[in-house]
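*Asks:* My questions will all concern the structure given below.
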Amino acid sequence: MASKNKPIKDSTGDKVFLISIYVILSLVFIVVLYPLIYIVSSSFSSPAAVTSGRVWLWPVDLSINGYERLFNTPKIMTGYANSLFYTAAGTVISVILTIMIAYPLSRKTFFGKNALMMMITFTMLFSGGLIPTYMVVREVGLIDTRWALLIPNAIWVWQVIIARSFFQTSIPDELIDSSEMDGCSDFRFMRSVVIPLSKPIIAVLVLMYAVGQWNAYFDALIYLKTANLFPLQLILRSIIIENNSSGVMDAMKLVERQQLAESLKYSLIVVATLPVLIIYPFVQRYFVQGMLVGSVKG
Amino acid sequence: MVLNRKTVTRGIKRGISQEAKISFRKHWQLYVLIIPPVLFFLIFKYYPMLNAVLAFKDYNVIKGIWGSPWVGFKNFNLFFDNPMFLTLIKNTVYVSGYLLLAGFPIPILLALMLNEVRNARFKRLVQLVSFAPYFISTVVMVSIIMLFLAPRLGFVNVALNYLGFESVNFLGEPGLFRSIYVWSDIWQTAGYSAVIYLAALAGVDPTLYEAAKVDGASRFQKIVNVDLPGILPTIVIILILNVGNVMAIGFEKIYLLQNPLNLSTSEIIATYVYDIGLRNANYSFATAVGLFNSVINLVLLFGVNSLAKRFSNNSIW
């Protein structure tokens, strides 16, 4: 009670509390950042330094052997090209399909929108399961084709919810009414009003689908058999997780081969993650925005 | 009265169908637009649900799904009598329960701490870095885990040796599997999950902080009495979603972390379905196991949601 008239200042207890928060957060910062730095440093260190555990923070005996080997391995480069293709094509298909369903669902005059929305949301709660889905994909003839990674998971319900609530809140009804009175068709209205007004949400959709597609491996694992179609993630799995380096380094001494195999793994991780992490600081706000739009209305 | 009500309902019905007709005529383009996405949902989401009748059949490749003979609950009984049954349930519940217990509070704590930070640059930097691992793919994540925990050359074992300890074969120890799974998951997603709470914190009524200040509340008291109640609705909703997903724990990461040595704790329902179904082509049995899992999950979600509705007025529908 006595503190009422005093100017409000942090008490000693508050100061200690605040300092411990800064200390804890700094620890969090280090714990998250350190493994990332370690990986990048290892990828630029000589294979011998990596395998003898001499790398702690910065690169030791600077070397790009791992990267050289990686770029000279056709298997990896094919995987890289495939992943770029899947990401580009998959994102375009997904974004278009998402808008095609999300925009009509956002319109008040769209008959049956609640039933349709329920039908879509239900697929979030319940699914036929792995095997029944696999059989459908097989039945429509997508197994072992590039389409298998582009179509069966093209629309994410969450993205539809996000896009729909964006359209609901940022396309004013008055605009729809007046354009309707002017005899503007729905297609034309979408093309010349909705799409230009929806750049932020389209950015969110593009980024989320692109990252998802770039990082995906499961569909490729179950639907693809031909190695030439494999995305990078699947190649990564075989080289790092299954430790299968055949076709990557032949005709080398065993020790050298083992060492190079280790540093190649680090370079592979860097190369596979780089495209996403480079754009990340610039697009973080879109992700946050996307999450929040969804959580407000979801 | 009765007659009146009837005419009224009929009137409303006609109103609705008329409204639909007008909407179809005026906005036919919108209805054309939804055809491809609706087909997508029907073919790739609803058709598999129909195919799930496979669980009640004895699948025969030649006869196809609908021609194969019905066997009732045989596949389910096979699963319940299977010695793996209890292990699978236990492994699934344990790993996701552990993840829930450890992984749920940490983003909340992280958000509450970040919210106290007044130095905008420090706050932004911590957020930027802690959010980043979310973008690492599952394959890369598991690769990192394996490289760091490798028995001989892994960073962690090199460090242990350096400090005078024996090497540990982390991924070969069934007892360590869950901890590895859970803590790497927290490392990867805590910063991402904190974002939603930070947004909720930003929406807390500022006058409440003023009042707390006037009452001489310490920072800690302010967190307990203003921040936490302020974000409670968000916490409850995220909790419902998490508990509802306990049985739907991600297949992808566990599958990659599995090896013959840790299988006794790492085999969960989802990885079992994959093994039995796609690798051994035992379609009916695998579908039954998968269906069992989906139904339990749905029941859980509805259960938790109605509990939350009763006790806190927060629910997801």
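The values are calculated or read from the model by the stated rules, or taken from the named source; none is laboratory data. Bear in mind the structure is a predicted one, so any value in this text is a computation, not a measurement. Because the Cβ atoms are built from the backbone with ideal geometry, glycine has one as well, and the counts that use them run over all protein chains shown.
*Asks:* Which of the residues that make up the range A:115-130 are facing chain B (nearest Cβ under 7 Å), within 15 Å of residue A:153 (Cα to Cα) and in a helix (DSSP H, G or I)?
*Replies:* Matches in the range A:115-130: A:120, A:123, A:130.
*Asks:* Within the range A:225-265, restricting attention to residues that are at pLDDT below 85 and among the small types (Gly, Ala, Ser), which residue is surrounded by the most Cβ atoms within 10 Å (Cβ to Cβ)?
*Replies:* A:263
*Asks:* Mind listing whichever residues of the range B:280-307 are more than 10 Å from every other protein chain (Cβ to nearest Cβ) and farther than 23 Å from residue B:243 by Cα? Before the answer, list the steps.
*Replies:* Start the filter on the range B:280-307 by keeping residues that are more than 10 Å from every other protein chain (Cβ to nearest Cβ), which leaves B:280, B:296, B:299-300, B:303-307.
Residue satisfying the conditions is B:280 alone.
*Asks:* Follow-up question, since we're still on this one. So which residues in the range B:136-155 are part of a helix (DSSP H, G or I) and either more than 7 Å from chain A (Cβ to nearest Cβ) or surrounded by fewer than 22 Cβ atoms within 10 Å (Cβ to Cβ) (or both), if there are any at all?
*Replies:* Of everything in the range B:136-155, those that are part of a helix (DSSP H, G or I) and either more than 7 Å from chain A (Cβ to nearest Cβ) or surrounded by fewer than 22 Cβ atoms within 10 Å (Cβ to Cβ) (or both) turn out to be B:141, B:145, B:146, B:148, B:149, B:155.
*Asks:* Could you list all residues from the range A:7-55 that are of a type in the set (S, T, N, Q), free of Cβ contacts under 8 Å to residues at least 60 places away in the same chain, farther than 25 Å from residue B:117 by Cα and within 10 Å of chain B (Cβ to nearest Cβ)? Before you say what the answer is, go through the steps one by one.
*Replies:* Applying the first criterion (of a type in the set (S, T, N, Q)) to the range A:7-55 yields A:11-12, A:20, A:26, A:41-43, A:45-46, A:51-52.
Subset that is free of Cβ contacts under 8 Å to residues at least 60 places away in the same chain: A:11-12, A:20, A:26, A:41, A:52.
Narrowing further to those that are farther than 25 Å from residue B:117 by Cα: A:41, A:52.
If the condition is that a residue be of a type in the set (S, T, N, Q), free of Cβ contacts under 8 Å to residues at least 60 places away in the same chain, farther than 25 Å from residue B:117 by Cα and within 10 Å of chain B (Cβ to nearest Cβ), then A:52 is the only one that fits.
*Asks:* Okay, next question. When you check residue B:190 against the structure, is it farther than 26 Å from residue B:170 by Cβ and either assigned by TED's automatic domain parsing to the domain that holds residue B:116 or of a type outside the set (Asp, Glu) (or both), yes or no?
*Replies:* no
*Asks:* In the range A:163-194, which residues are in a helix (DSSP H, G or I) and more than 13 Å from chain B (Cβ to nearest Cβ)?
*Replies:* Residues satisfying the conditions are A:165, A:166, A:168, A:169, A:170, A:173, A:174, A:175, A:178, A:192, A:193.
*Asks:* What residue, of B:175, B:191, is under 24 Å from the mean Cα position of the chain (by Cα) and loosely packed, with under 15 Cβ neighbours inside 10 Å?
*Replies:* Going through B:175, B:191 in turn, just one is under 24 Å from the mean Cα position of the chain (by Cα) and loosely packed, with under 15 Cβ neighbours inside 10 Å: B:175.
*Asks:* Can you pull out every residue in the range B:30-86 that is among the small types (Gly, Ala, Ser) and either more than 11 Å from chain A (Cβ to nearest Cβ) or within 26 Å of the chain's Cα centre (by Cα) (or both)? Please lay out each step first, then the result.
*Replies:* Let us first name the residues in the range B:30-86 that are among the small types (Gly, Ala, Ser), namely B:52, B:55, B:64, B:67-68, B:72.
Result: B:52, B:55, B:67, B:68, B:72.
*Asks:* Separate question: In the range B:241-267, what count of residues is obtained for those that are crowded, with 19+ Cβ neighbours inside 10 Å, closer than 27 Å to residue B:307 by Cα and away from every other protein chain (no Cβ under 11 Å)?
*Replies:* Adding up the residues that qualify gives 4.
*Asks:* A follow-up question, please. Could you say whether any residue in the range A:215-223 is out of contact with any helix residue (DSSP H, G or I) (no Cβ under 9 Å at 6 or more places or on another chain), modelled with pLDDT of 90 or more and surrounded by fewer than 21 Cβ atoms within 10 Å (Cβ to Cβ)?
*Replies:* Just the residues of the range A:215-223 that are out of contact with any helix residue (DSSP H, G or I) (no Cβ under 9 Å at 6 or more places or on another chain), to begin with: none.
Looking through the range A:215-223, none of the residues is out of contact with any helix residue (DSSP H, G or I) (no Cβ under 9 Å at 6 or more places or on another chain), modelled with pLDDT of 90 or more and surrounded by fewer than 21 Cβ atoms within 10 Å (Cβ to Cβ).
*Asks:* So if I check each of A:202, A:155, A:162, which one is surrounded by fewer than 20 Cβ atoms within 10 Å (Cβ to Cβ) and either touching a strand residue (DSSP E or B) at 6+ places or on another chain (Cβ under 7 Å) or assigned by TED's automatic domain parsing to the domain that holds residue A:101 (or both)?
*Replies:* Result: A:202 is the single residue among A:202, A:155, A:162 that is surrounded by fewer than 20 Cβ atoms within 10 Å (Cβ to Cβ) and either touching a strand residue (DSSP E or B) at 6+ places or on another chain (Cβ under 7 Å) or assigned by TED's automatic domain parsing to the domain that holds residue A:101 (or both).
*Asks:* Within the range A:94-113, which residues are more than 7 Å from every other protein chain (Cβ to nearest Cβ), without any contact (Cβ under 8 Å) to a residue 24 or more places away in the chain and under 26 Å from the mean Cα position of the chain (by Cα)?
*Replies:* Of everything in the range A:94-113, just one residue is more than 7 Å from every other protein chain (Cβ to nearest Cβ), without any contact (Cβ under 8 Å) to a residue 24 or more places away in the chain and under 26 Å from the mean Cα position of the chain (by Cα), namely A:96.
*Asks:* Which condition breaks for residue B:21 when tested against (1) at pLDDT below 85; (2) surrounded by 12 or more Cβ atoms within 10 Å (Cβ to Cβ); (3) closer than 30 Å to residue A:98 by Cβ?
*Replies:* (2)
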